[in-house]
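The structure under discussion appears below in the form of structure tokens.
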Amino acid sequence: MILYDLAFIIFGIAYLPYLIITRRYRYGMANRLGFLPRDLKEACSRHRVIWIHAVSVGEIKAVSILVPLLRKTFPQHLFIFSTVTHTGNRIARTIATGEEKVFYLPFDLSVIVNKVIEIIRPELFLCLETELWPNLITALHRINTKIFLINGRISNRSYTRYKKIRCIMTNILSKFHLILMQSELDAIRMLALGGPKDRIYVTGNLKFDLTFIETPNKRRELRERLGLSEEDILIMAGSTHPGEENCIINCFSNLKRDYKNLYLFIAPRHIERLAEIEKLLKKNGFNPVRFSVTLSPSKLQTNQVVILDSIGELKTLYVAADIVIIGGSLVKKGGQNPIEPAYFSKPIIIGKYIFNFQDVVKSFLENKGIIQIENDELYSAIRFLIDNPKERKQLGLNAKETVDKNTGASKRTIDLILSSL
């Protein structure tokens, strides 16, 4: 742990310039250094605590599925939520109710973590996906907190790294009360890293249990806001990363020559990139329009492209799309989750870089509920879907069927937690 602390400090010093340049030091630095707000301290002193940790937006979405069930199961407990990213923190605050609190995860230095654990003293600690912080896990285990890994997964890159420190991983994993993984492959990898066999289970992916308030008029209302009729075709590129927008815009520009009723909606993964994307659109002859200002039903002009400029709306906006492109998959980012557009029966195109969601994408491919492409195939894939409305509809129906087949992870997770206690 001393060596780990030293390594963490060295990394922190090297990382400091990035924090200063991006100004990310503004978000929750007091929490990260172990200074918790007074109301959180007081709430923890009065209640039995369940601490749920999720890194960012994707994990928080999974939390939002599980928390209502947890509240019913543990009505006498106080729930507190920690995140790493600022966007995750903002979304977590929409989930917390009553006395429930949200804060930023402290830096994993023993002197900081030990101080925080003494204040919170949770009975249960639930961490999402693969949040394995050695000092945090050790400190929680020391005070007999029951530690659960929920909706766990191990990407190819993480698995390669973890194998190099297997002896450390075995020690950390031995402290978990239960390790609940998304897939058989994830469970096998966790076993290979030294996880206790009798505590590893496959529960499925919580995100398949996502539900949305879907009113019959939602699609019509959104399209009217954009001035689109049902004859118009809207391509929605969700959670895009640098390098992808240029590919998508070039493809769209070529398609517009033959399809005048074709429109594009870009939702960047990080909204701080809005100005960058607007500049790129103007360079390619398009007029960018921010979604927050498309308030009148006047029809979008042929050279206008809409950009989403808010957080947390994309999952419900997919209902307005006719074709969806999954961001993070055309560049080496590992892809984003296709479950949200699939829930609305949307035809989905995804690139080859899907290492963050291999098993999810595999489920869709096996059920013919997604089209996977190389980057140079984007134009032909979109053109095929435009020219073949029946195929487009069937692809969307297959996607929704895939979601329906894989639901139930939240109930399995709750059942296993209860049985283990």
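The values are calculated or read from the model by the stated rules, or taken from the named source; none is laboratory data. For clarity, every value in this text was computed on a predicted model and none was experimentally measured. FYI the Cβ positions are ideal-geometry reconstructions off the backbone, even for glycines, and counts take in every protein chain you see.
Taking the range 168-257 as the region of interest, the strands (runs of 3 or more DSSP E) fully inside it that hold 1 or more residues being on the phi < 0 side of the Ramachandran plot and outside the structural domain of Pro347 (by TED's automatic domain parsing) are 178-181, 200-202. For the range 315-333, a residue qualifies if it is surrounded by fewer than 23 Cβ atoms within 10 Å (Cβ to Cβ), modelled with pLDDT of 90 or more and within 14 Å of the chain's Cα centre (by Cα), and exactly one does: Lys333.
When Ile179, Ile188, Ile172 are checked against the criterion of being at pLDDT 95 or above, touching a helix residue (DSSP H, G or I) at 6+ places or on another chain (Cβ under 6 Å) and of a type in the set (Val, Ile, Thr), a single residue qualifies: Ile179. Total residues in the range 364-408 satisfying the condition of being in contact with a strand residue (DSSP E or B) (Cβ under 7 Å, 6 or more places away or on another chain), hydrophobic (A, V, I, L, M, F, W, C) and within 22 Å of Gln182 (Cβ to Cβ): the figure is 3. Quick check: is even one residue across the range 93-104 crowded, with 21+ Cβ neighbours inside 10 Å and among the basic types (Lys, Arg)? The answer is yes, given that some residue of the range 93-104 is crowded, with 21+ Cβ neighbours inside 10 Å and among the basic types (Lys, Arg).
For the range 340-388, a tally of residues being more than 20 Å from the chain's Cα centre (by Cα), among the basic types (Lys, Arg) and either assigned to a helix (DSSP H, G or I) or at pLDDT below 95 (or both) returns 1.
Results for (1) farther than 25 Å from Ile172 by Cβ; (2) surrounded by 12 or more Cβ atoms within 10 Å (Cβ to Cβ); (3) aliphatic (A, V, I, L, M), shown as yes or no for each residue.
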residue	(1), (2), (3)
Ile2	no, no, yes
Asp5	no, yes, no
Tyr18	yes, no, no
Gly34	no, yes, no
